[in-house]
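Novice: One structure coming up, written as structure tokens, with questions to follow.
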Amino acid sequence: MRPLTHLEVLEAEAIHIMREAVAESERPVMLYSVGKDSAVMLHVARKAFSPGRPPFPLLHVDTTWKFKAMYEFRDRASTETGMELLIHQNPECIERGINPFDHGSSLHTDMWKTEGLRQALDKWKFDVAFGGARRDEEKSRAKERIFSVRSANHRWDPKQQRPELWHTYNVRHTPDQSIRVFPLSNWTELDVWQYIYLENIPIVPLYFAEERPVVERNGTLIMVDDDRMRLEPGEVPMMRKVRFRTLGCYPLTGAIESEADTLTGIIQEMLLTTTSERQGRVIDFDSSASMEKKKQEGYF
Amino acid sequence: MAHAIEPLVLDDIEAYLDAHQHKDLLSFLTCGSVDDGKSTLIGRLLYESHLVFDDHLAALEADSKRLGTQGDNLDFALLVDGLAAEREQGITIDVAYRFFSTKRRKFVVADTPGHEQYTRNMVTGASNASLAVILVDARKGVLTQTRRHTYLVSLLGIKQIVLAINKMDLVDYSQDVFKRIERDYRAFAEEVGEAEIACIPLSALVGDNIVHPSPNLSWYAGPTLLSYLETVQVESAAATKSLRMPVQWVNRPHLDFRGIAGTISRGSVAPGDVVRVLPSGRTTTVSRVYTHDGDLARAVAGQAVTLVLADDVDVSRGDLVCANDEPAEVADQFEAHIVWMHEQEMLPGRPYLMKIGTSTVGLTIDHPKYKVNVNTLETLAAPILALNEIGVCTVATSRPIPFDPYVDNRDTGGFLIIDRLTNNTVGIGLLHFALRRSHNIHWQAVDVTAKARSLLNGHEPAVVWFTGLSGAGKSTVASRVEQRLHSRGVRTYLLDGDNVRHGLNRDLGFSAADRVENIRRVAEVARLMVDAGLVVIVAFISPFAAERQFARERVEDGQFVEVFIDTPLNVAEARDSKGLYAKARRGELTNFTGIDSPYEPPENPDIRIDGVNIGPDEAADMIVHQLRAKGIVP
């Protein structure tokens, strides 16, 4: 008998994690951010509970500033899987009109995403939430548990994390605690892409290179996705063949110039590339340990 | 830079992906102390296998200048030391997982600190690793901590060890130094276990013998560290042994499908196999090995599948599906190694939870037979186990569980110890063997004391003594307190006039002497119940301070909580819910407290409730809050 390949091991591990979490929680939910990691997580979830449907809803913590193509993809994913899709938009952000132009990336992200996620989990009283984060994304995530306990206000305390041994997970929690579960913890970016390729998983077309209207700001290409995009004086959108390595709010997500319009093209480009995945996200530049701070505040 | 571009990536990406897809996975653990250069070694492995991106490298250059310890050189340790706090302290304080891959294999590295107080992290990192890389400083050789690391990785079942003799550049690449360390280490390792050992000389800082053979070490003919890791055969015993599959989930999406979902922990399974479900012991036949991608002709260890069984046998989460001809044992008393992982020490007799496989059961742990000094491997007597201590104990589960000895199978022999109140994982255990009924556990705590009973209950025993006038509201508040405590899992009993005067004290009237005797008996009953470990709620008028004092002295300090329901006579009389005041005023009742018999209000009650302005629910909440604050109930 041949040994299992690393992707078979990773898939089986993710299925095992999801089944454990669902078997021992009262109200599980899957955080669905529409990106490639969410696509993989959803795909694995369908395998885990097949021939049934995954016994939990999808939750999209929306900022209203995602790419149009992401909203279309999201709604289609929910229809095709038959899973319930819950959408939460922070009402305070709607009321105050929080946007990346007037309020800056940090406040925008903090209020729509971090605060919005907290609100959504409290609103529906979810005790276990699946997230697509991986340990290879960033240094502080390398130490994240697969089952990560959050306190009543959703804070992450690195000192209070439980020891995690074998494949035996402690899913128990007090009524005011909740647990984030990361089934893809041990996957790398290449694993995710390779799995998408092997399993033929649909992803948002924004990952593929295409002629798109962009402007260049501080060396970053920003796509003009709708007429809310504020152009600087003299700035004129130009058509460039670009794609996105990560997806978020369109005014905060840098595009890269690329010819990769197939999956193998993307993987090839990724293997040849010289910058890490998270660099396309503007928030990481705030400070050296900013992801760790965000996590302590309840962001993934 | 970035990845060393394999020509295939450029020339034939699909062929590259096909090759990558078929790589297997090796999980290994690295252990060493702060000074052994462990983080440097891992940083170097990532760097040399070209997994460091340009932006990370730029950050590393900046960080090396600001925080680094290597002058103008890159400090690879900074690539892997994650959390801000530990970056400042310059030590790794938790298990971190890193990933890299080469042409041949994909690797998961559990990076664990070697600091004495962090045994917990090493044990955690070792639990999923099939190989350990133990670092020693060539200048220092085999140290106490090297022994500790070796003991711990052996304990956790790792059968392959690489002794990485680092900093060879600082001993002039001396072969003699290398040989001496190798000899010392092998002599020691033989005592500890049966691991297969490879000793490799290297310098992580300079890069000697990490990826490429070094001319500085020309006397060394063995593989470099990376080439050893790429080619070492990891134990495949898991696939050849008999089947074990802990049941995670019974999948019943519709009437026509009932599947038993789980991950195969050991062995393999195919349609037609006869299996036995433990602990029930029922046998059945596997009719399908279902997966979303189609049925399998055979599934092996590591695969997550859904078994469809031929018969409708009763199977639920926590059961273990075994090969029929070689099932696991079922028992409820065991000898086990315990590794304690929490600041709050292990208390023999306290009820914990055990999570083993997918099953969670009650667990009690006896006094350690001994604890192990992980530095000297000496065994010592120990009444308890503190954080990072390891001991051998007898453990008992609340019901029989299927298990295998840990050395045979980690998933069915290793367990988590979970605190019932906080739900934290406070320790782990490794089952060795079941104790036979005939040489039943000799519980050292064989005398079942009040303390033992209270440990079993999970809370302290106490008397909550309500006093106050008739109609003050004692019984109402007392019963609401009892409801609240009961819902918190506290074992309670409510003693009030109704259940005592109609039975035990049926012979007593309401004279002062009878009142004293009444309270004396109630106080003695309360004392017995405290000894039984209960929280006894007493709701009696108990008008005299001396009898209340007598009751207080029946139990230990801190176990008596006096609650004064302070309702003035006029208010209580106005309520007169039982019509007793009216009768007393009419002279139909004599010796009625407050009318023709005195009430001595407590001067310093533990809790005073304003019976006029505070409703019974609020009062009950206040009292429960106080009991929690006093540490009596959780």
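Novice: Could you list, in sequence order, the residues of segment A:195-215 that are touching a Ser or Thr at 6+ places or on another chain (Cβ under 8 Å) and assigned to a loop (DSSP other than H, G, I, E, B)? Before you say what the answer is, go through the steps one by one.
Specialist: Step one: list which residues in segment A:195-215 are touching a Ser or Thr at 6+ places or on another chain (Cβ under 8 Å), which gives A:197, A:208-209.
Hits for segment A:195-215 are A:208, A:209.
Novice: Looking at the structure I just gave you, is residue B:203 on the phi < 0 side of the Ramachandran plot, crowded, with 20+ Cβ neighbours inside 10 Å and of a type in the set (Ser, Thr, Tyr)? Don't jump to the end; show me each part of the working.
Specialist: On the way: on the phi < 0 side of the Ramachandran plot: yes; crowded, with 20+ Cβ neighbours inside 10 Å: yes; of a type in the set (Ser, Thr, Tyr): yes.
So residue B:203 fits the description; yes.
Novice: Which is of a type outside the set (D, E, K, R) and in contact (Cβ under 8 Å) with a residue 12 or more places away in the chain, of B:570, B:604, B:591, B:613? Let's see the steps before the verdict.
Specialist: Values: B:570 fails: in contact (Cβ under 8 Å) with a residue 12 or more places away in the chain; B:604 fails: in contact (Cβ under 8 Å) with a residue 12 or more places away in the chain; B:613 fails: in contact (Cβ under 8 Å) with a residue 12 or more places away in the chain.
Among B:570, B:604, B:591, B:613, only B:591 is of a type outside the set (D, E, K, R) and in contact (Cβ under 8 Å) with a residue 12 or more places away in the chain.
Novice: Got a number for residues in segment B:363-416 being more than 18 Å from residue B:123 (Cβ to Cβ), touching a strand residue (DSSP E or B) at 6+ places or on another chain (Cβ under 6 Å) and acidic (Asp, Glu)?
Specialist: Going through segment B:363-416 one residue at a time, the tally reaches 1.
Novice: Sticking with this structure for a sec: For segment B:110-129, enumerate the residues that are touching a Ser or Thr at 6+ places or on another chain (Cβ under 6 Å) and at pLDDT 85 or above.
Specialist: Looking only at segment B:110-129, we keep the residues that are touching a Ser or Thr at 6+ places or on another chain (Cβ under 6 Å), and these are B:111, B:113-114, B:121-122, B:125, B:128-129.
Within segment B:110-129, B:122, B:125, B:128, B:129 meet the criteria.
Novice: Got a number for residues in segment A:160-178 being more than 7 Å from chain B (Cβ to nearest Cβ), under 16 Å from residue B:94 (Cα atoms) and touching a residue at least 12 places away in the same chain (Cβ under 8 Å)? Steps first, please.
Specialist: Residues of segment A:160-178 more than 7 Å from chain B (Cβ to nearest Cβ): A:160-161, A:169, A:171, A:175-178.
Within this subset, residues satisfying the condition of being under 16 Å from residue B:94 (Cα atoms) are A:160-161.
Now restrict to residues that are touching a residue at least 12 places away in the same chain (Cβ under 8 Å): A:161.
Count: 1.
Novice: Exactly one of (1) within 13 Å of chain B (Cβ to nearest Cβ); (2) in contact with a strand residue (DSSP E or B) (Cβ under 7 Å, 6 or more places away or on another chain); (3) closer than 29 Å to residue B:152 by Cβ; (4) not basic (Lys, Arg) is unmet by residue A:181. Its number?
Specialist: (1)
Novice: Within the bounds of segment B:157-168, is there any residue that is more than 17 Å from residue B:36 (Cβ to Cβ), outside any strand (DSSP E or B) and either of a type in the set (Lys, Arg) or assigned by TED's automatic domain parsing to the domain that holds residue B:272 (or both)? Steps first, please.
Specialist: As a first pass, look at segment B:157-168 and keep what is more than 17 Å from residue B:36 (Cβ to Cβ): B:157-160.
Subset that is outside any strand (DSSP E or B): B:157-159.
Cutting the leftovers down to either of a type in the set (Lys, Arg) or assigned by TED's automatic domain parsing to the domain that holds residue B:272 (or both) gives us B:159.
Yes: segment B:157-168 contains one or more residues that are more than 17 Å from residue B:36 (Cβ to Cβ), outside any strand (DSSP E or B) and either of a type in the set (Lys, Arg) or assigned by TED's automatic domain parsing to the domain that holds residue B:272 (or both).
Novice: Let me ask something else. Residues in segment B:337-350: is at least one modelled with pLDDT under 90 and assigned to a strand (DSSP E or B)?
Specialist: Looking through segment B:337-350, at least one residue is modelled with pLDDT under 90 and assigned to a strand (DSSP E or B).
Novice: Kindly indicate the residue of segment A:191-204 that is surrounded by 18 or more Cβ atoms within 10 Å (Cβ to Cβ) and farther than 17 Å from residue B:109 by Cα and also farthest from the other protein chains (Cβ to nearest Cβ) among those meeting that condition.
Specialist: Only one residue fits best here, namely A:204.
Novice: In addition: Of the conditions (1) in a strand (DSSP E or B); (2) more than 18 Å from the chain's Cα centre (by Cα); (3) away from chain B (no Cβ under 11 Å), residue A:149 fails just one. Which one is it?
Specialist: (3)
Novice: Shifting gears a bit: Quick check on residue B:345: is it within 30 Å of residue A:151 (Cα to Cα) and more than 10 Å from chain A (Cβ to nearest Cβ)?
Specialist: Working: within 30 Å of residue A:151 (Cα to Cα): yes; more than 10 Å from chain A (Cβ to nearest Cβ): yes.
Answer is yes for this residue.
Novice: Filter segment A:1-54 down to the residues that are polar (S, T, N, Q) and either touching an Asp or Glu at 6+ places or on another chain (Cβ under 7 Å) or surrounded by fewer than 20 Cβ atoms within 10 Å (Cβ to Cβ) (or both), then identify the one that is nearest to residue A:74 (Cα to Cα). Reasoning before the result, please.
Specialist: Our first condition is that a residue be polar (S, T, N, Q); within segment A:1-54, this holds for A:5, A:25, A:33, A:38, A:50.
Now drop any that are not either touching an Asp or Glu at 6+ places or on another chain (Cβ under 7 Å) or surrounded by fewer than 20 Cβ atoms within 10 Å (Cβ to Cβ) (or both), which leaves A:5, A:25.
Working: A:5: 31, A:25: 25 Å.
Going through the qualifying residues, I end up with A:25.
Let's see how each residue does on (1) touching a Ser or Thr at 6+ places or on another chain (Cβ under 6 Å); (2) surrounded by 21 or more Cβ atoms within 10 Å (Cβ to Cβ); (3) assigned to a loop (DSSP other than H, G, I, E, B):
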position: A:105; (1), (2), (3): no, no, no
position: A:110; (1), (2), (3): no, no, no
position: A:153; (1), (2), (3): no, no, yes
position: A:163; (1), (2), (3): yes, yes, yes
position: A:175; (1), (2), (3): no, no, yes
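Novice: Residues B:518, B:505: which one is in a loop (DSSP other than H, G, I, E, B), of a type outside the set (A, V, I, L, M, F, W, C) and without any contact (Cβ under 8 Å) to a residue 60 or more places away in the chain?
Specialist: Just one listed residue meets the conditions, B:505.
Novice: Out of A:5, A:81, report the one residue that is within 27 Å of residue A:190 (Cα to Cα), without any contact (Cβ under 8 Å) to a residue 12 or more places away in the chain and of a type in the set (S, T, N, Q). Before you say what the answer is, go through the steps one by one.
Specialist: Numbers: A:81 fails: without any contact (Cβ under 8 Å) to a residue 12 or more places away in the chain.
So the residue among A:5, A:81 that is within 27 Å of residue A:190 (Cα to Cα), without any contact (Cβ under 8 Å) to a residue 12 or more places away in the chain and of a type in the set (S, T, N, Q) is A:5.
Novice: Could you check how many residues of segment B:297-332 are over 10 Å from residue B:278 (Cβ atoms) and away from chain A (no Cβ under 14 Å)?
Specialist: Matching residues across segment B:297-332 total 12.
Novice: Further, regarding this structure: Yes or no: segment A:63-76 includes at least one residue that is over 18 Å from the mean Cα position of the chain (by Cα) and assigned by TED's automatic domain parsing to the domain that holds residue A:152. If you could, list the steps in order and put the result at the bottom.
Specialist: Of all residues in segment A:63-76, those over 18 Å from the mean Cα position of the chain (by Cα) come to none.
No, segment A:63-76 contains no residue that is over 18 Å from the mean Cα position of the chain (by Cα) and assigned by TED's automatic domain parsing to the domain that holds residue A:152.
Novice: Mind listing whichever residues of segment B:275-291 are over 23 Å from residue A:48 (Cβ atoms) and either within 14 Å of chain A (Cβ to nearest Cβ) or out of contact with any strand residue (DSSP E or B) (no Cβ under 6 Å at 6 or more places or on another chain) (or both)?
Specialist: So the first thing to find is which residues in segment B:275-291 are over 23 Å from residue A:48 (Cβ atoms), and the list is B:276, B:278-285.
Those that are over 23 Å from residue A:48 (Cβ atoms) and either within 14 Å of chain A (Cβ to nearest Cβ) or out of contact with any strand residue (DSSP E or B) (no Cβ under 6 Å at 6 or more places or on another chain) (or both): B:280, B:281, B:282.
Novice: Residue check, residue B:308 against (1) farther than 23 Å from residue B:429 by Cβ; (2) part of a loop (DSSP other than H, G, I, E, B), all met but one. Which one?
Specialist: For residue B:308, the failing item is (2).
Novice: Mind checking which residues of segment A:7-64 are within 22 Å of residue B:251 (Cα to Cα), assigned to a loop (DSSP other than H, G, I, E, B) and not hydroxyl-bearing (Ser, Thr, Tyr)?
Specialist: A:24, A:26, A:27, A:51, A:52, A:53, A:54, A:55, A:56, A:57
Novice: What number of residues in segment B:367-399 are of a type outside the set (Phe, Trp, Tyr) and outside any loop (DSSP other than H, G, I, E, B)? Quick ask: steps written out before the conclusion?
Specialist: Within segment B:367-399, the first condition is being of a type outside the set (Phe, Trp, Tyr), and the residues that meet it are B:367-369, B:371-399.
Remaining after also requiring outside any loop (DSSP other than H, G, I, E, B): B:371-372, B:379-380, B:385, B:390-399.
Total meeting the criteria: 15.
Novice: Do you know which residues across segment B:248-279 are touching a Gly at 6+ places or on another chain (Cβ under 6 Å) and either surrounded by 23 or more Cβ atoms within 10 Å (Cβ to Cβ) or on the phi > 0 side of the Ramachandran plot (or both)? It would help to see each step written out before you state the result.
Specialist: Kept after step one, since they are touching a Gly at 6+ places or on another chain (Cβ under 6 Å), are these residues of segment B:248-279: B:248, B:251, B:253.
Listed by number, the list holds a single entry, B:248.
Novice: Under 6 Å by Cβ, and 6 or more places apart or on different chains, what pairs join a residue from segment A:226-243 that is in contact (Cβ under 8 Å) with a residue 60 or more places away in the chain with one that is exposed (fewer than 14 other Cβ atoms within 10 Å of the Cβ)?
Specialist: That search, which allows pairs on different chains as well, returns A:230/A:101.
Novice: Moving on. Given the residues B:263, B:231, B:224, B:284, which is the only one that is within 31 Å of the chain's Cα centre (by Cα) and hydroxyl-bearing (Ser, Thr, Tyr)? First the steps, then the outcome.
Specialist: Numbers: B:231 fails: within 31 Å of the chain's Cα centre (by Cα); B:224 fails: within 31 Å of the chain's Cα centre (by Cα); B:284 fails: within 31 Å of the chain's Cα centre (by Cα).
The match here is B:263.
The values are calculated or read from the model by the stated rules, or taken from the named source; none is laboratory data. No experiment lies behind these values; they were computed from the predicted model shown. Virtual Cβ from ideal backbone geometry, glycine too; neighbours counted across all protein chains shown.
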